[in-house]
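The values are calculated or read from the model by the stated rules, or taken from the named source; none is laboratory data. What you see is a predicted model; the values in this text were computed from it and never measured. Glycine also receives a Cβ, built like all others from the backbone with ideal geometry; neighbour counts cover every protein chain displayed. Accessible surface is based on the protein model in full, side chains and every heavy atom, while ligands, DNA and RNA are left aside. Shrake-Rupley method; radii C 1.70, N 1.55, O 1.52, S 1.80 Å.
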Amino acid sequence: MIFETHAHYDDDAFDEDRDQLLRSMYEHGIHRIINVGASLRGVADTVKLMEIYPFVYGAIGVHPDEVGDLTEEKMKWLRDLCDKEKTVAVGEIGLDYYWNKENHEVQKKWFVRQMDLAKETDLPIIVHSRDAAKDTLDIMKGERADHISGVIHCYSYSVEHAREYMNMGYYLGIGGVVTFQNAKRLKEVVEYAPLDYLLLETDAPYLTPQPYRGKRNCSLYLTYVAEEIARIKKVSYEDVVNITRENAEKLFKIKE
Ligand code: NI
């Protein structure tokens, strides 16, 4: 059984068939899903999804592209949602210097503030970091993120940075990108990192693996990600699925 650690089923891309798709997950071997909040609306919808579906858990947080909407009042709202039984993480939070929708200082401020939320509530963090390798690592070190725990979602940096994150007790989220032929650096990271530090994720509806690249992504395609990790690491497909599931259960404190 596969544990999907990062999806956005609140996205409009699923409006046509969300319920049918989610209800088909179990029979296809996907037994737990973390729906990750990215915007304020996404957080509200994540809470709805985790209330409807027993196998859906929630991450509460605001993506760096959306932090312009955050206020102290909204932070209180997020804080309260962190106490819900099926909230398993604060996320996705971090820095995005690729889209640069919010200025860097604003992004940093809310990244730190949302990390504080995780410290306060003893939840792990789901970190989004794009084209911001150095600042992300510097901030996390400065904030003693090694005292929290979490995952670097859609890991896209070097082997050296991967080592630093693993030394801080962080997992690396691996998704569809690993199946792309030109993803040489990510394949090296997967080869280098012990399986005990990897999590399976889609970021659905985005980042669809081969052979469906370009189409809408969903958790059913995680089999292609697991197969590619197995090939790179020269281990069995079952080992990839089982060990990444155990990693997720441990990180997000979900018992069988
Ligand atoms: Ni995401």
Exercise. List the pairs whose first member sits in the range 192-213 and is over 18 Å from Y9 (Cβ atoms) and open to solvent by 70 Å² or more (accessible area, probe 1.4 Å), whose second member is of a type outside the set (D, E, K, R) and within 16 Å of the ligand (Cβ to nearest atom), and whose Cβ atoms are under 7 Å apart, counting only residues at least 6 apart or on separate chains?
Worked result: Y197/Y171; Y197/L172
For this session: Would you please name the residue that is farthest from E191 (Cα to Cα), looking only at residues in the range 143-166 that are within 14 Å of the ligand (Cβ to nearest atom) and open to solvent by 20 Å² or more (accessible area, probe 1.4 Å)?
Result: C154
For this session: Working only within the range 170-191, note down all residues that are within 19 Å of the chain's Cα centre (by Cα) and open to solvent by 30 Å² or more (accessible area, probe 1.4 Å).
Result: V177, K187
Exercise. Taking the range 148-173 as the search range and keeping residues that are assigned to a helix (DSSP H, G or I) and in contact with a helix residue (DSSP H, G or I) (Cβ under 7 Å, 6 or more places away or on another chain), which one is farthest from L81 (Cα to Cα)?
Worked result: V159
Seminar exercise, completed: Cβ pairs under 8 Å, 6+ apart or interchain, first in the range 1-14 and closer than 20 Å to H63 by Cα and part of a loop (DSSP other than H, G, I, E, B), second within 11 Å of the ligand (Cβ to nearest atom) and open to solvent by 10 Å² or more (accessible area, probe 1.4 Å), ordered by first then second residue, are H8/A38; H8/D203; H8/P205; H8/Y206; D11/P205
Seminar exercise, completed: Conditions (1) over 26 Å from H104 (Cβ atoms); (2) open to solvent by less than 10 Å² (accessible area, probe 1.4 Å) -> E16 fails only (2)
Exercise. What are the residues in the range 118-138 that are surrounded by 20 or more Cβ atoms within 10 Å (Cβ to Cβ) and part of a helix (DSSP H, G or I), if any?
Worked result: A118, T136
Exercise. Given the structure, is V47 modelled with pLDDT of 95 or more and either under 26 Å from H147 (Cβ atoms) or within 16 Å of the ligand (Cβ to nearest atom) (or both)?
Worked result: no
